[in-house]
Amino acid sequence: MSRLPRRLQLLLGCLALAVGFTVFGAWTRYTIGQTSIGGPAYNRIVLDKNLVAGILPPPNYIIESYLTVLHLADPERASQRDVLVARMSQLRKDYAQRHKFWLEDDWPQGIKARLLKDAHQAAVGFFELADRQPLPATSAGDRVAAQDALRKLEQRHLGHRQAIDDVVVLSKREQQGVEAPTCARKEKATPMDLLGALTIAGADDTA
């Protein structure tokens, strides 16, 4: 009889520990499910980023620069020339800053070659040609020279666009390669964490 209270106290302590581990494990699983890849919080972040990316022209893709050059070559937009020239200058700075940013990351070889070499070389050629030919020709009223320069710029833009399209394909492939095993590990690891917690609790209960 004198040992009964101590055993009862130990049993209650072990039970409380087991319940604590169970609650902790369940909360951990819920938190991981909410914030990990494929979870609601993760999907919300991705959705918001995709929204911004879908609205704003990306600095590392020269589509807005190409459109600005086309506007500069339009005689009907002569009154906007100063604004467009300033915009072109800013777009070139934005591109250079973004390219420098991407250089600091460690990319897979395929992405590095297409984004940081091929697409970049085409973009640099585009900006250099834009400074040399269509802008001066447009200022001088030489429409023939301006149109010839625009055809050359189109080829540089197309080369840049092809490289960017390849980067998108390669990036999606890399993303899938990371997400698939990560999600698989999450599905396997979380139940095991709970099982481990219950096992520890059960071991304490029988000690």
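The values are calculated or read from the model by the stated rules, or taken from the named source; none is laboratory data. This one's a predicted model, so the numbers in the text were calculated from it and none came from an experiment. Heads up, the Cβs are rebuilt from the backbone with ideal geometry, glycines too, and the neighbour counts pull from every protein chain shown.
Looking at the structure I just gave you, is Arg161 surrounded by 15 or more Cβ atoms within 10 Å (Cβ to Cβ) and in a helix (DSSP H, G or I)? So Arg161 passes the test. Residues in the range 130-170 that are among the aliphatic types (A, V, I, L, M) and under 16 Å from Ile63 (Cβ atoms): Ala130, Leu150, Leu153, Leu158, Ala163, Ile164, Val167, Val168. Against the test of being under 31 Å from the mean Cα position of the chain (by Cα) and modelled with pLDDT under 85, the options Thr199, Thr182, Thr138, Thr206 yield a single qualifying residue, Thr182. Taking the criterion of being in contact (Cβ under 8 Å) with a residue 24 or more places away in the chain and among the polar types (S, T, N, Q), the only residue of the range 141-161 that qualifies is Gln147. Given the criteria at pLDDT below 90 and under 28 Å from Met88 (Cβ atoms), does Ala123 qualify? In short, no. Among residues of the range 73-97 that are modelled with pLDDT of 90 or more, those with a beta-carbon under 8 Å from a residue that is not in a helix (DSSP H, G or I) and not aromatic (Phe, Trp, Tyr) at least six positions away or on a different chain give the pairs Leu91/Pro59; Leu91/Ile62; Asp94/Pro59; Tyr95/Pro59; Tyr95/Asn60; Tyr95/Ile62; Gln97/Pro59. Based on what the data block shows, is Ala123 part of a helix (DSSP H, G or I), surrounded by 15 or more Cβ atoms within 10 Å (Cβ to Cβ) and in contact with a Phe, Trp or Tyr (Cβ under 8 Å, 6 or more places away or on another chain)? Yes: the conditions hold for Ala123.
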